[in-house]
1. Report the Cα centroid-to-centroid distance between the range B:236-258 and the range A:74-130 in angstrom, as an integer.
2. Can you compute the modelled spin-label distance between residue B:54 and residue B:246, with each label point 7 Å from Cα toward Cβ, in nm?
3. Once the piece of chain linking residue B:3 and residue B:28 is laid out straight, how much longer is it, given 0.36 nm per residue of separation minus the C-alpha distance between them?
4. When you look at the Cβ of every residue in B:156-169, what mean number of other chain Cβ atoms sits within 10 Å?
5. Let's test the formula: R0 of 56 Å, r as the Cβ-Cβ distance of residue A:88 and residue B:429. What FRET efficiency results, to the nearest 0.05?
6. How much length is gained if the chain between residue B:409 and residue B:492 is pulled fully straight, taking 0.36 nm per residue apart and subtracting their Cα-Cα distance, in nm to one decimal?
7. Modelled label-to-label distance, residue A:212 and residue B:462, 7 Å Cα→beta-carbon offset: nm?
8. Order these peptides, A:127-136, B:170-179, A:113-122, by their mean beta-carbon neighbour count within 10 angstrom, highest first.
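Laboratory data are not the source of any read-out in this text; all were calculated from the coordinates shown. Keep in mind that this is a model prediction, so the values were computed, not measured. Glycine also receives a Cβ, built like all others from the backbone with ideal geometry; neighbour counts cover every protein chain displayed.
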Amino acid sequence: MGKAVNRFFGFISRYRRHRFAGPLMLLGGLLFAGVGYTVAQAATEEVQVVLSSDKASLISEGKEIFARGCSSCHGLNAEGAGAAPSLIGVGAASVDFQVATGRMPMADMSQQAARKEPVYDERETAALAAYVASLAPGPAAITNEELFWERDGNTAEGGELFRTNCAMCHNLAGQGGALTQGKYAPTVMGVEPRHIYEAMVTGPQAMPVFANSVLTHEEKLSVIKWIKFVETEPSLGGAALGRVGPVTEGAVAFILGLGILIGIAVWLTTKAR
Amino acid sequence: MSARERIAGGTASFIDERTGAAKWMKKTLTKVFPDHWSFMLGEIVMYSFVILLLSGTFLTFWFDPSMREVEYEGSYEPLNGIKMSAAYASALHISFDIRGGLLMRQIHHWAALIFMAAMVVHMMRVFFTGAFRKPRELNWIIGVALLTLGIVEGFLGYSLPDDLLSGTGIRIAEAIIQAIPVVGSYLSYFIFGGAFPGEMFIQRIYAVHILLIPGIMLALITAHLMLVWYQKHTQYPGPGRTEKNVVGYPLMPVYMAKAGGFFFIVFGVTAFLGAVAQINPIWIYGPYNPGQIGAGSQPDWYMGWLDGLVRAAPPIETHAFGITISWNILIPGLIIPGIIFTLMAFYPFIEQWMTGDKREHHVLDRPRNNPNRTAIGAMSLTFTLVSLINGGNDLLATHFDLAINQIMWFSRIGLIALPPLAFVITKRICLSLQRADREKVLHGRETGRLVMLPHGEFIEVHEPLSPEKAYVLTAHEQLPALEIGEADANGVANPQGLKGKLRARISKASQEQISKPTSKEMLELEDGHH
């Protein structure tokens, strides 16, 4: 055995500088890459086959979660009841927005569903979305390739669109604003781009739907790009004071500005002891 | 004589021989001012005004007061290529491309807020201590004029950058102008040179903001100070302080040092705020476009109470003879502020009418010793505060999880119910404080030391007040209510009739006091008759 190994290494060391050694190695390498690729692709196809069979199981899993966590309000077949709307035809985008931002399931039946820690994890959310999407066609969840806002958006145009379409409820700086009877437009700071997009497509709660005829796909991405710019923009000129405008500015002028000055005036007029 | 003294003396006599200033200077420099922190509030106002003039001049170097449409190409990328007015573009240019420009803009704006805040607090001091009484009524009216001009001036300055937030404010101002019956729409066309927004208003308010109003204010401030100089400063009651003297320090060197130093302190605090706290970030708001609006749009605080009144107004309109009258704008936007400012300006005379006291006063009142005036002040402040709160109702709603409708109803009811309540409560507090003062004068200060007497009784040791302190607590005079009989001794009916009766009632209510210890009571105490 040891003799055979010795002969093998002797063979390599003798012919490694042979003029055919290089092309032979290249050929071997190509062969390895080709075979490896083919095998791998076959394996991937196998995975996809698994996934499509997984889709059915995802839907059934979603149906199960739905029956457990959502049906008490939305009905066993998502047909809606009382305050809870029918979910037939709302699409995967709507489910993803509502569940992944923690709005659904609702914490309480107050004026509107508040953003909170999501109750379901990513897979459960996807299962719910798949189940609801299977009931009737509706806005589908957006893929990452479609949501390439860094590349496809335009910040300046997005700002202009935001001021025209969004600022009347969400505030000029995207800080959110009050609506009637305790409802409100939440702040758009710190929201996942995917969820901003889904909100525009599905119009959750008091928000209108911004269909592609109102804001095209690229325009939606521009809005997202502007929001992300404002979110990450350093506060120019000092502390931002909550970015809510003159109310906090007035409070600071009174408390900090005039407060310090009156304090100094008191000190200046204290009698020396 | 040292070289320095020779030069100083030489300069002084050079000026004196040519202007005769030495005599005037001698008199002026030794003028005495009383010392109290609340007398420096007016100084904060004046110094803020100087800061506003200086920083404002800096801003005019680059500000382009024009509504010409330009396409922005500057350092602030998210607005590149956006169409805007030249005014807004130049405000961005000042903020991002001029060295120190943003700092100056922020100093200018902070100084404006502090200017108005200090003016209001100064006015409160003058009101609550009765410093507006004869002979200072005219100076009070000048002060009210300055407050009004300050509000207008601040509002115009806030509007100049032509950003989306301030444009919204101008739009509301236009609505208020249009609410004036009959002439409103004509007036609006006249002011804006056509339909809103037109192409004129930035140029126009710029001229008014940097020239007309500051000029008038400067003249009024000068008159205000000259009157203070001529009438001499008021002082708080104390031993040795009378209606005929002023106890304090001379202008030179004490007040020169204090006031001069204080100017730099005010400048320093304003510059500090300008350096560390962002104010009016117009680049986030974007350029003004009448088709756009932002939630949570607010005016600066001194306009906030007016905004709050408009927000509280129920939607009432009448249509008659082809004319629409928008009461919902007219009443809160013009009529109520008009009434408030008129009453404020004439308050010195109203008080004279109520009390019948038309004498000169140079010694100030402690607010508790005039419960009626203090209660009126508290009542007015409550009204303004409730409307100011309603001005920020949308922010209160989102930040404190409230419903905007609830806040609005609270304000509507509160605007009517809370001021009278504040009046009653303040008056009661003042009278209680008078009672406490009386106790203190008669029985001394509670020391908190408990002593057990030989027979087992516990008493708290009271320490007699120092004569100075006792003087402060008893120096004020308590005027009797006006006596306006229904008929005189001969049975002739009072010619004033109902008016006289009303005045007698008001006078009686306004003169309600806890009688201060009389000298007889004091003597009895000193004799040991407890």
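1. If we compute the Cα centre of each part, the gap is 73 Å.
2. According to this spin-label approximation, the distance is 2.6 nm.
3. 6.3 nm
4. Counting Cβ atoms of other protein chains within 10 Å of each residue's Cβ and averaging gives 1.
5. So, using R0 = 56 Å, E works out to roughly 0.30.
6. 24.7 nm
7. In this crude spin-label approximation the distance works out to 8.9 nm.
8. The packing order, highest mean first, is A:127-136, B:170-179, A:113-122.
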